[in-house]
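A short reminder: the numbers here are calculations on the coordinates, not readings from a lab. Quick caveat: nothing in here was measured; it's all calculated off a predicted structure. Cβ: placed from backbone, ideal geometry, glycine included. Neighbour counts: every protein chain shown.
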Amino acid sequence: MSTTVGDRKSPRKTLRRLVEFRGINGGTVQQYRNRIRNMYDGPAGAVLVFGSLMSLHEPLVGRMFRRRKFDVSGCRSILDVGSGAGQILGHLLKGTEPETRLVAFDLSHGMLRRARTRLGSSRPSYVTGDLTQLPFADNSFDCITCGWVIEHLPDPRPGLAELSRVLQPGGRMLLLATEDTLPGMVVSRTWKCRTYNRRELRAVCDEVGLPWRSQLWFTPIHRFFKMGGILVEAQKPRDA
């Protein structure tokens, strides 16, 4: 009997099954929402910003914007999905024009309150909701940032399909996701989320109309050691 690539049991996949948080695959949609809200509205959400600083993710994202590895300077409307405490949103405030529309979106009321307090800016609109049911019209944004959010979805397709729907043709998306490396599996256990295989995630993005334009790395060291997770720029086709 033939065996497909997806069926082969590699040591890496075996390790992932042993270490990765598996509870994400159980329960209803409402239970998933409640789990996220309970975690991020509570103490875990309160320390998230410190974790982002200690891991250098927040300053490294800012460095990436400043060097225009992902250029937001000409964007007119940006949706920041999973805004958390404003780790990416703060950099968007600095890197865009005052008239650029910024929407901070998160499932957790508590995290959006923290972002508003921390950033002290009246520019962004703060919207609470579920990534799989975005409350925005088709083609609403010319740019989307989605940092470490889809890990909380058992299946990335509904969320990515919604991002594709609200992104304008030709619009770009910065996607950051936890990879199924050993550091990623530690993140999986800590934050009760899943990890992604780079090739499989790319195939899903192609499927929903968000083909990858380029793969990004925080630094040459991250590229050499395959660290820092999956960072990509995707672009919705102009003829979509």
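Just a few scattered comments:
- Of the trypsin sites (Lys or Arg not before Pro) found in the stretch 49-133, those in coil by DSSP whose Cβ has at most 16 other Cβ atoms within 10 Å are Arg67, Arg68, Lys69, Arg76.
- Sites His109 and Thr190 - FRET efficiency at Förster radius 22 Å, r taken between beta-carbons, to 0.05: 0.50
- Proximal aspartates and glutamates relative to Lys236, as straight alpha-carbon distance under 15 Å, when same-chain residues fewer than 8 apart are discounted: Asp138, Asp142, Glu162, Asp206, Glu207
- In the stretch 11-235, lysine pairs with alpha-carbon atoms under 26 angstrom apart (chain gap of 8 or more, or interchain): 5
- With both labels modelled 7 Å from their Cα along Cα-to-Cβ, the Met227 to Asn197 distance reads 2.6 nm.
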